[in-house]
Structures are given as C-alpha cells and as structure tokens.
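S.K.: Below is the structure I would like to discuss, written out as structure tokens.
The values are calculated or read from the model by the stated rules, or taken from the named source; none is laboratory data. Quick caveat: nothing in here was measured; it's all calculated off a predicted structure. Don't worry about glycine lacking a Cβ; one is built from the backbone with ideal geometry, like all the others, and counts go over all protein chains shown. The area values use the complete protein model at the heavy-atom level, side chains included, leaving out ligands, DNA and RNA. Shrake-Rupley method; radii C 1.70, N 1.55, O 1.52, S 1.80 Å.
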Amino acid sequence: QVQLVESGGDLVQPGGSLRLSCTASGSIFSFDPMGWYRQAPGQQRELVASITGGGSAYYADSVKGRFTVSRDNAKNTMYLQMNSLKPEDTAVYYCNAEVPATTYRSKMTYWGQGTQVTVSS
C-alpha cells in the first residue's frame with residue numbers, strides 16, 4: 001500500500017509564497033496523473049493542479065499564473081509552488097495519485113492526509 005505524505009503547509013501573509021511537497025513511500029513512476037486538491041471549511045474538495053507522467057500540467061482558473069506543479073520521480077515527490085497567495089487560498093491541501101487501470105485491474109487512487117495552508121494578515 002502506497003502512502004502519500006504532504007508537508008509544507010503554514011500560516012503566511014497575503015502575497016507570500018509556500019512550497020508544498022507530497023512524498024510517496026514508493027516509486028511515483030507509475031502515477032499518472034498526480035494532483036493537488038484543496039478543501040476549505042464548508043466547501044467541497046476541488047482540484048487545484050495536476051501533472052501527468054509526461055509532465056503536462058493542468059491548473060484551476062483560480063490559481064493559473066500563481067501556482068506551479070512539478071514532480072521529481074527520482075525523489076518520489078510532487079511539489080506545488082504557490083506564489084501571490086490570497087486569503088481565499090486558505091484550505092487543507094491534499095495530494096492525490098492515480099495508477100491507470102490495466103486489463104487485469106481497475107484504476108487505483110491514493111490520497112495523503114492533508115496539510116493546512118492559511119493565508120492571513
């Protein structure tokens with residue numbers, strides 16, 4: 001069973017930056033895609049950014065131009081660089097990873113436990 005562990009969440013002022021990390025207990029080579037989700041109090045979990053095995057990235061409109069997702073397969077780690085943070089970015093951020101289905105098994109999905117990001121002055 002693969003485990004995903006997020007880190008890097010913190011309290012930061014508006015306009016500040018943070019870098020989140022998601023480290024897997026094993027190889028992430030087969031994870032396609034990996035993604036960052038967030039959930040604010042009273043709201044549904046939403047996709048923030050994702051990255052395929054080939055390195056193609058997707059961003060939610062609300063974070064385009066401010067957030068950058070990347071992955072380092074050699075370090076079994078995915079990152080989310082967050083710049084120009086806003087109070088509305090406050091949420092618990094979750095790491096997600098999927099292993100595509102094959103002829104012999106269904107798709108597998110893994111989640112981390114989450115890391116709190118708070119943007120406030």
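S.K.: Any idea how many residues of the stretch 43-91 are aromatic (Phe, Trp, Tyr) and touching a residue at least 40 places away in the same chain (Cβ under 8 Å)? Full working, then the answer.
M.R.: Filtering the stretch 43-91 for residues aromatic (Phe, Trp, Tyr) gives 58-59, 67, 79.
Those still in the list that are touching a residue at least 40 places away in the same chain (Cβ under 8 Å) too: 79.
Here the count works out to 1.
S.K.: Out of the residues in the stretch 96-121 that are of a type in the set (Val, Ile, Thr) and either assigned to a strand (DSSP E or B) or touching a residue at least 12 places away in the same chain (Cβ under 8 Å) (or both), which is farthest from residue 40 (Cα to Cα)?
M.R.: 99
S.K.: When you go through (1) in contact with a helix residue (DSSP H, G or I) (Cβ under 9 Å, 6 or more places away or on another chain); (2) of a type in the set (S, T, N, Q); (3) in a loop (DSSP other than H, G, I, E, B); (4) surrounded by 14 or more Cβ atoms within 10 Å (Cβ to Cβ) one by one for residue 30, which number turns out not to apply?
M.R.: Failed condition: (1).
S.K.: Something else about it: Kindly provide the set of residues from the stretch 1-27 that are open to solvent by 70 Å² or more (accessible area, probe 1.4 Å) and of a type in the set (Val, Ile, Thr), ordered by number.
M.R.: Hit for the stretch 1-27 is 5, nothing else.
S.K.: Here is a further query. Please go through the stretch 53-95 and give me each residue that is of a type in the set (Phe, Trp, Tyr) and either more than 23 Å from residue 43 (Cβ to Cβ) or touching a Ser or Thr at 6+ places or on another chain (Cβ under 7 Å) (or both), ordered by number.
M.R.: Listed by number, the residues that qualify are 58, 79, 93.
S.K.: If you don't mind, there's one more thing I want to ask. Filter the stretch 27-47 down to the residues that are closer than 19 Å to residue 98 by Cα and touching a Ser or Thr at 6+ places or on another chain (Cβ under 8 Å) and list them by number.
M.R.: 28, 32, 33, 34, 35, 36
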